[in-house]
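Visitor: The following block contains the structure, expressed as structure tokens.
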Amino acid sequence: MALDKELTGRDGVSVTRVAANKLMIRLEGNVFFDTGSTWVKDEMFTVLDTVLPVIKLHRDIDINIQGHTDNVPVRGNRFKNNWELSVLRATETLEYFLHYDVPSTRLTASGHADSQPVADNRTAAG
């Protein structure tokens with residue numbers, strides 16, 4: 001069975017085929033990180049737990065985890081900017097997969113800061 005078919009319909013997951021050999025798997029739901037934080041919220045683990053068995057079953061796929069942020073500037077000294085924050089969020093998510101024995105050779109992490117918003121950041125609802 002195709003990976004996209006296996007993930008479609010799972011709570012908190014949307015799947016879009018972007019090329020013949022490439023899927024975008026978006027973890028949906030409320031914010032998975034508090035503003036300015038890399039601490040993964042419990043809701044994110046619930047969604048990751050849904051995706052993990054399928055990822056482990058398909059050993060031939062590589063996974064690029066892309067971190068994002070809102071458009072609120074980072075305050076304080078912990079992170080230089082939203083770019084660094086987004087990369088660290090992706091890395092935290094990558095660590096989850098490593099913890100559950102997904103080989104590191106299948107994983108990469110990248111950050112996009114607020115450059116690819118899924119909603120308009122001008123309002124709290126966005």
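Visitor: Restricting to the range 59-105, name every residue that is of a type outside the set (A, V, I, L, M, F, W, C), closer than 18 Å to Val118 by Cα and out of contact with any strand residue (DSSP E or B) (no Cβ under 9 Å at 6 or more places or on another chain).
Guide: Hits for the range 59-105 are Asp70, Asn71, Pro73.
Visitor: Do we find that Ala109 is modelled with pLDDT under 90 and under 22 Å from Asp42 (Cα atoms) in this structure? Write out each step before concluding.
Guide: Details: modelled with pLDDT under 90: no; under 22 Å from Asp42 (Cα atoms): yes.
It is false that Ala109 is modelled with pLDDT under 90 and under 22 Å from Asp42 (Cα atoms).
Visitor: Quick one: how many residues across the range 107-126 are under 18 Å from Val54 (Cα atoms) and surrounded by fewer than 17 Cβ atoms within 10 Å (Cβ to Cβ)?
Guide: Initial filter on the range 107-126 (under 18 Å from Val54 (Cα atoms)): 107-108.
Applying the additional criterion that residues be surrounded by fewer than 17 Cβ atoms within 10 Å (Cβ to Cβ) yields 108.
Going through the range 107-126 one residue at a time, the tally reaches 1.
Visitor: Search the range 79-102 for residues being assigned to a loop (DSSP other than H, G, I, E, B) and in contact (Cβ under 8 Å) with a residue 12 or more places away in the chain, and hand back the single one that is surrounded by the fewest Cβ atoms within 10 Å (Cβ to Cβ).
Guide: That would be Asp101.
Visitor: Just to be sure, is Ile65 among the hydrophobic types (A, V, I, L, M, F, W, C) and in contact with a Ser or Thr (Cβ under 6 Å, 6 or more places away or on another chain)? Step through it out loud before you land on a result.
Guide: Values: among the hydrophobic types (A, V, I, L, M, F, W, C): yes; in contact with a Ser or Thr (Cβ under 6 Å, 6 or more places away or on another chain): yes.
Criteria met by Ile65.
Visitor: Here's a follow-up. If you go through the range 34-71, how many residues are in a loop (DSSP other than H, G, I, E, B), at pLDDT 85 or above and of a type in the set (Val, Ile, Thr)?
Guide: Number satisfying all stated conditions: 3.
Visitor: What's the total number of residues in the range 103-119 that are in a loop (DSSP other than H, G, I, E, B), under 15 Å from the mean Cα position of the chain (by Cα) and not polar (S, T, N, Q)?
Guide: Selection size over the range 103-119: 5.
The values are calculated or read from the model by the stated rules, or taken from the named source; none is laboratory data. Since we're looking at a predicted model, the values are computed, not measured. Positions of Cβ are generated from backbone atoms using ideal geometry, with glycine treated the same way; all protein chains shown enter the neighbour counts.
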